Amino acid sequence: MSYQGSLRDFVREHLEAYDFLEVIPDIFWTEERGPDGTLRFRENPEGLRLLDWVAARRPLVAHSVGMSLGSAEGGFSPDYVAQLARWQQRYHFAWLSEHLSFTRLPHAAGEHMDLGVMLPVPYDEDTLELLAGRVAQVRQAVDAPFLLENNVFYYQLPEQELSEPAFLKRLGERTGSGLLLDLHNLHTNARNHGFSPLDFLEALDLSQVVELHIAGGYEWEGFYLDAHSGACPEPVWELLEQVLPRLPNLGGVVFEMFGNYVPLLGTDILLGELRRLRGVLERHGGRP
């Protein structure tokens, strides 16, 4: 299960509903820039108390959203990576993951603009070289397995040198990182851009997959959105059933729902999806 702030009570009251908890470290702190230009992190004491409580009862995994691994000029911050390393020492995350994307652009001298969205990287040799160096820095600093997540995209960059599966495979081979395979991202991209998700899976090295994500979305003005807005659609459940037997190194599956939908839809949907997910996993040999 993926943690959101609106699930603070849920994670305490329904401990039996989840086997481990995925947390986004960024929602537990506020970033500030000090006089010397370094990033500082003002942590939320109440949030840390909750994580301490869960960590004493369930394994935690970390899902970062702030590395901006694909930023070409300066958006990637060693200060941010150092903060994740400190959290790893405190919470002993089973693994750390990040999106294969960029979220920051140069804005002014020494400053960067946060885009508020995760944009896809080009699938070419230059990007492969850039990411290999960044991933090496993360793996050296943070004492945990590191995974990269396939991104959702609503436009396609022209004249790509590599397909997305080929790029993911080569990046994993070069860096030693694992793959967080987001099946709802795959479903969203396949639906919007008209390709076969099964062909995509065939082109991956599925031995690299350590974690799966599933989620829900909806149609909006001709696009299907990766909105994390409720129940997982049936095509994603079907992808899950098909891919599970082929993942020898799978560590866990996470259902994601954005926190703003929890008050609107209630927690019954979340409980129902977690029960269904557990049933699927049990049919496939009791995977976590």
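Every number here is computed from the coordinates shown, using simple stated rules; none is lab data. From a predicted model like this one, the values you see are computed outputs, not experimental measurements. Quick reminder, even Gly has a Cβ in these numbers, built from the backbone with ideal geometry, and neighbours come from all protein chains shown.
General remarks:
- The range 109-252: C-alpha gyration tensor shape, a/c 1.5 cut-off, then a/b vs b/c: oblate
- Relative packing of 167-177, 126-136, which averages over residues the other C-beta atoms within 10 Å, highest first: 167-177, 126-136
- Neighbour counting of Cβ atoms within 10 Å sorts the residues W95, W237, fewest neighbours leading, into W237, W95.
- For S229, S64, order by how many other beta-carbon atoms lie within 10 Å, fewest first: S229, S64
- For the chain, a Gaussian network of Cα nodes joined below 10 Å ranks L206, L277, L157 by mean-square fluctuation, and the top entry is L157.
- Share, in percent, of DSSP beta bridges within the range 5-283 that are antiparallel, nearest 5: 40 percent
- Computed helical MRE - 222 nm, the chain, DSSP H runs ≥ 4 contributing -39500 (n - 2.57), nearest 500: -11500 deg cm²/dmol
- Relative packing of 268-275, 219-226, which averages over residues the other C-beta atoms within 10 Å, highest first: 268-275, 219-226
- Per-pair calculated FRET efficiency, R0 = 22 Å: D124 and E73 via Cβ, rounded to 0.05: 0.85
- Within the listed set F153, F195, F76, the Gaussian network model of the chain (springs between alpha-carbon atoms below 10 Å) gives the highest mean-square fluctuation for F195.
- For the pair R276 and R57, a Förster radius of 22 Å applied to the C-beta separation gives a FRET efficiency near 0.45, rounded to the nearest 0.05.
- Counted residue by residue at 0.36 nm each, then reduced by the alpha carbon distance between them, the extension gain from Q160 to R12 reaches 48.7 nm.
- Computing Cα extents along the principal axes in Å for the structure here picks out one of (i) 58, 51, 46; (ii) 58, 40, 38; (iii) 52, 47, 39, namely (iii).
- Taking every alpha-carbon pair under 8 Å whose residues sit at least 6 apart, the chain reaches a relative contact order of 15 percent.
- Sorted by Cβ density within 10 Å, fewest first, the residues H228, H284, H92: H92, H284, H228
- Projecting label points 7 angstrom from Cα along Cα→Cβ for Q140 and T38 puts them 1.8 nm apart.
- Selection from L48, F200, P165, by position along the positive dipole direction of the chain (Cβ): L48
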